[in-house]
Amino acid sequence: MASIQSKDPVPSGEKTFFGHPRGMATLFMTEMWERFSWYGMRALLVLYLYSAVSDGGLGIDHTTAVAIYGVYNAVVYMVAMPGGWVADRLWGARKAVLVGGVVIAAGHFTLAIPHSAVFFLGLGLIAIGTGLLKPNISALVGDLYQDQPSARRDAGFTLFYMAINIGGLLAPLTVGYLGEHVDWHLGFGLAGVGMSLAVVQYVLGGKHLGDAGLKPTNPASHAEKRSALNRVLLWTGVAAGALLIDVLLGTYDIEHIVNALAVLGVVVPIGYFVVIFRSPKLTAEGRPKIVAFVWFFMTAVLFWMIFDQSGSLLNIFADEKTNRLIGGWEFPASWLQSANPAWVIILAPIFASLWVKLAQRNREPSTPVKFGLAMLLIGGSFALMGLAGAAAAASDTGKVTVFWLLAVYGVQTMGEMCLSPVGLSLSTKLAPKEFISQIMGLWFLAVATGNALNGWATRLNEPLGDSLYYTLWAVVAGLTGVAFIFGARKLRSLTGEVH
Ligand code: PHE
């Protein structure tokens, strides 16, 4: 990661945003508000799903609520693949981001309607909109820095990462408070207001983006459009048919949808890798790189599977087993969802300068070692959770101090610093050229698959109990970390010059 302030001069006469192109201000504000709406909604999601109907919630049991959360996250990031396709081949990134933003806002406002019947419709809209917006706004950031030195481009992405986390920090404090303490739907409504601000900002600031993303990079032919449409119709038909049969047989259960989507989350990347390996365009030179990439990918899946339990099991731990009293006032559980973005804002500059210092001494860890460290850290955070669980069980009140979760999130964020910034650039370097347009999607797919698995993994929580459950995953992550560090040399030989 580089520092935010760009050190390279901007062409004279041009107004800048912290030394960056003006268009960056537009993308910064758009992404900040979009993430505000997403993380605000996400902070409330599980709490709303499992709260009793008498408290305005949906009264779904804990395990199912947590599984719905995991699978929903998976769907949102899986839609990034077709979202990237729409921009590359049909609309261009500019239009995809705009349409995505409007659809997301419509989704949040649907959640604001106080009726459970429309709840899943709202979630569906947010998923489609996010698939259109999230990968393509990142691509627009890349476009703004085309032909610019890579350090400046890195600084641009670091600034963008700050936008993500400022939005993520503010959302639980406001949306979470309104949702938990005033009214769930008002909270969801505020997320919608945030997203609307993103759209306004994007439209008003569009003039600063020049012609970035105005046209599809690789327009689809008429026949390609038709075949894509046929495939969408076919698969939608198959899914709707299966659902209809399930309902008619009287066997329908929300678990069926959760399981089907979780299977999809695992099958899609496997299918994707099979296609890459079978591609005649994959050279003998490219093959070992993909083999290495599969290892990185699987590790990232495990990382996100553990990491994204923050919005589900850890959110519930905050709600039920954490003492949140400050001077007699109990702050909302969702506020702890602000801990990760707050830690990012504190730690990102420290890690950035740490890597630079180590690099100056030629001692910056290689990518596989960073991945190994990320696994040790995420495992360490769950080892802490295991202790927190034991402490809660042993305490009279059944609750522990808030410092446990703050520390857990701190350690997780250090893991994020080792894995997240290198992941995307790694995908860019390792994937063959023919697949380049879908690489952003491939990286999001690791997050998606992690979350799909998380829908199953979290089912062990109830039978095992907190301390055993968290310790189990700590051990799995720890062993993976150690294996990665030991295998670093081998992986580097597979990736060739890339490390
Ligand atoms: N905090 C990151 C974000 O919201 C998490 C993330 C990483 C999401 C990688 C997708 C892919 O953007």
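Nothing in this text is a laboratory measurement; each read-out follows from the coordinates by a stated rule. Predicted model only: the values in this text are computed from it and were never measured. Note that each Cβ is placed from the backbone with ideal geometry, even for glycine, and that neighbours are counted across all protein chains shown.
Taking a ≥ b ≥ c as the square roots of the Cα gyration tensor eigenvalues, the range 121-226 comes out oblate, since a/c reaches at least 1.5 and a/b does not exceed b/c. Spacing of the modelled spin labels on Phe120 and Ala242, each 7 Å from Cα toward Cβ, amounts to 1.4 nm.
Computed from backbone phi with θ = phi - 60° and the Karplus coefficients 6.51, -1.76 and 1.60, the 3J(HN,Hα) list for the range 16-21 is 10, 10, 6, x, 10, x Hz; x is used for glycine and proline. The convex hull defined by the C-alpha atoms of the chain has an orientation-averaged projected area of 24.7 nm².
A straight chain from Val53 to Thr251 at 0.36 nm per residue would run longer than the Cα-Cα distance by 68.9 nm. Sequentially through the range 139-156, phi angles give Karplus couplings (6.51, -1.76, 1.60; θ = phi - 60°) of 5, 5, 4, x, 4, 4, 9, 4, 6, 10, x, 5, 5, 5, 5, 4, 4, x Hz, Gly and Pro residues having no value and appearing as x. Given R0 = 22 Å, the distance between the Cβ atoms of Leu229 and Val267 translates into a calculated FRET efficiency of 0.50.
Debye-formula intensities of the range 16-220, expressed as log10 I(q)/I(0) at q = 0.11, 0.13, 0.14 Å⁻¹, are -0.51, -0.69, -0.79 (one equal scatterer per alpha-carbon, no solvent).
Can you compute the charge dipole magnitude of the chain about its Cα centre, using +1 on each Lys and Arg Cβ and -1 on each Asp and Glu Cβ, nothing else charged? Give it in debye, rounded to the nearest 20. About 1840 debye. Most tightly packed first, judged by the mean number of other beta-carbon atoms within 10 Å of their residues, the peptides 261-267, 89-95, 222-228 read 89-95, 261-267, 222-228. Counting every C-alpha pair in the range 88-156, the share spaced more than 13 angstrom apart comes to 66%. When only alpha carbons are used to place a centre, the range 256-286 and the range 139-193 end up 30 Å from one another. Taken over the Cα atoms of the range 296-344, the convex hull encloses 75 Å³ per residue. Along its first, second and third principal axes, ordered by size, the range 268-499 spans 64, 41, 30 Å in Cα coordinates. Checked against a 25 Å cut-off, the cross-linked pairs Lys134/Lys429; Lys207/Lys429; Lys134/Lys225 give Cα-Cα distances beyond that limit for Lys207/Lys429. Fully extending the segment from Gln146 to His181, taken as 0.36 nm per residue of separation minus the present Cα-Cα distance, adds 8.0 nm. Note on the range 444-463 and the range 200-237: Cα centroid distance 31 Å, given to the nearest whole angstrom.
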